[in-house]
Amino acid sequence: MISPAIHELGEQLGIAFSDPDAIRQAFVHASFANENPDLVTGNNERLEFLGDAVLGVIVSNILYARFPDADEGALTAHRASLVNRSSLASVADELHLDRYLMLGRGELEAGGSHRPSLLAGAFEALVGAVYLQSGLDVAEATFGPILVARMAQPTDGDAPKSAKSRLQEWSQRRRGIRPVYELVAAAGPAHAQEFTVEVVVGADRLGMGRGSSRQRAEEEAAEAALAVVERRSEEPA
């Protein structure tokens, strides 16, 4: 197997990886692991789960200090805007994480190295791997500035609206109804569940989302729904 140049990533991030193999695991997609069980052990999904939680702590710490007058709802909305799939995929793209990904042949041919959900998952897995190797302080020092740089600067002191808020505004304005979030599945042990939620507006099933909490899954579903709504608005009548 041709190993990705993990040391180059360490130089880019400004940290030394004491265990490059552990970091490399963050980029092993399930499709590669399934096709190459003799080359790798497992995939990056457990690290993705862990990184999701670590990112939540990092971003919450930053926002708590940065917006001392913001209430819980505003902080939650701002956090969601920073850790949604679209935002994290953009970060992964800026870090060129696609060059380190290990994908199965089918996933690679389908353009998986540029798929937002896959890129976002790789970034979360990387955060989880750095946390395991070096601890929360190093993870926050490494990824905190990257996330801060992406923060919108509110002109009125309020955090940006969450995807759920924006979808609700669209739904009430265009349909006169509120979106409904349906729990599709809750898999895994009680301490490490993954939730799958689908958002429905009237008869339209507009998007699905997954996350380590139902709130995160609903936010992801709203993001997916907004993408569908935007795409439809661009289609010719």
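The values are calculated or read from the model by the stated rules, or taken from the named source; none is laboratory data. Keep in mind that this is a model prediction, so the values were computed, not measured. Virtual Cβ from ideal backbone geometry, glycine too; neighbours counted across all protein chains shown.
List the helices (runs of 4 or more DSSP H) inside the stretch 1-87, counting only whole elements, that have at least 1 residues being in the same structural domain as Leu97 (by TED's automatic domain parsing) and among the polar types (S, T, N, Q).
On the way: elements: 6-13, 20-24, 30-35, 45-66, 72-83.
Because the criterion is at least 1 residues that are in the same structural domain as Leu97 (by TED's automatic domain parsing) and among the polar types (S, T, N, Q), the helices (runs of 4 or more DSSP H) in the stretch 1-87 that meet it are 6-13, 30-35, 45-66, 72-83.
If you check Leu82 against the conditions, is it touching a Leu at 6+ places or on another chain (Cβ under 8 Å), farther than 21 Å from Gly144 by Cβ and surrounded by 21 or more Cβ atoms within 10 Å (Cβ to Cβ)?
So Leu82 does not fit the description; no.
Considering each residue of the stretch 97-107, count those that are touching a residue at least 60 places away in the same chain (Cβ under 8 Å) and part of a helix (DSSP H, G or I), and give that number.
Here is the first cut: in the stretch 97-107, the ones touching a residue at least 60 places away in the same chain (Cβ under 8 Å) are 97, 99-107.
Next, only the ones that are part of a helix (DSSP H, G or I) stay: 97, 99-100, 105-107.
Total meeting the criteria: 6.
For the list (1) within 17 Å of the chain's Cα centre (by Cα); (2) of a type outside the set (Lys, Arg); (3) at pLDDT below 90, I need the number of the one condition that Glu45 fails.
Among (1) within 17 Å of the chain's Cα centre (by Cα); (2) of a type outside the set (Lys, Arg); (3) at pLDDT below 90, the lone unmet condition for Glu45 is (3).
Could we say that Arg232 is of a type in the set (Lys, Arg), under 22 Å from Gly73 (Cβ atoms) and not in a strand (DSSP E or B) here?
When the stated conditions are applied, Arg232 does not pass them.
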